[in-house]
Amino acid sequence: MEIEDVISYTLIAGVVISIAFVVTGVALIFIHGGAQGLTLEQIGSVHSLVNTSTTTPEKVIQGIPKLDGLSFIYMGLIILIATPVIRVALLIGDFAKNKDVLYTILSLIVLINIMIAIFLVPALIIK
């Protein structure tokens with residue numbers, strides 16, 4: 001199997017799994033009438049306290065076995081964000097295997113930029 005096929009299937013799988021988590025999360029919110037101690041009205045309010053800054057990955061992982069709808073939605077978003085990161089990592093591996101130094105370095109720079117945007121910039125903005 002060629003690397004292009006692996007990358008293609010990875011992107012498709014990431015999007016499909018992400019959609020499945022989000023749809024399941026929305027269904028669970030309606031079934032339970034809320035999530036994470038919030039009612040359906042509080043979640044859907046214009047002034048809702050629900051956003052990605054109010055949760056952590058640990059809280060999301062702990063909420064999955066409890067069938068918490070918001071945790072499922074957040075996990076879907078995490079998977080969706082991780083999908084292109086995995087794509088870049090696969091490209092780095094392929095370029096390194098083929099000894100293509102220029103594209104390996106360029107892909108590493110892209111990966112570093114993505115990691116800065118995901119982890120460092122939000123930490124700077126929140127403070």
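The values are calculated or read from the model by the stated rules, or taken from the named source; none is laboratory data. Please read these numbers as outputs of a predicted model, since none were measured by experiment. Note: ideal-geometry Cβ built from the backbone for every residue, glycine included; neighbour counts use all protein chains shown. We work out accessible area using only protein heavy atoms, side chains counted, and drop any ligands, DNA or RNA first. Shrake-Rupley method; radii C 1.70, N 1.55, O 1.52, S 1.80 Å.
Observations on the model:
- For segment 26-51, a tally of residues being open to solvent by 50 Å² or more (accessible area, probe 1.4 Å) and assigned to a helix (DSSP H, G or I) returns 8.
- Wholly within segment 52-127, helices (runs of 4 or more DSSP H) carrying at least 1 residues that are modelled with pLDDT of 95 or more and either on the phi < 0 side of the Ramachandran plot or open to solvent by less than 50 Å² (accessible area, probe 1.4 Å) (or both): 57-63, 69-97, 101-115
- Any hit, segment 1-8, residues being within 19 Å of Ala89 (Cα to Cα), of a type in the set (A, V, I, L, M) and either open to solvent by 60 Å² or more (accessible area, probe 1.4 Å) or in contact with a Gly (Cβ under 6 Å, 6 or more places away or on another chain) (or both): yes
- Among residues that are under 18 Å from the mean Cα position of the chain (by Cα) and either at pLDDT below 95 or of a type outside the set (Val, Ile, Thr) (or both), Gly37 is not included.
- Residue in segment 17-25 that is of a type in the set (Ser, Thr, Tyr), surrounded by 14 or more Cβ atoms within 10 Å (Cβ to Cβ), within 23 Å of Ala117 (Cα to Cα) and in contact (Cβ under 8 Å) with a residue 60 or more places away in the chain present: yes
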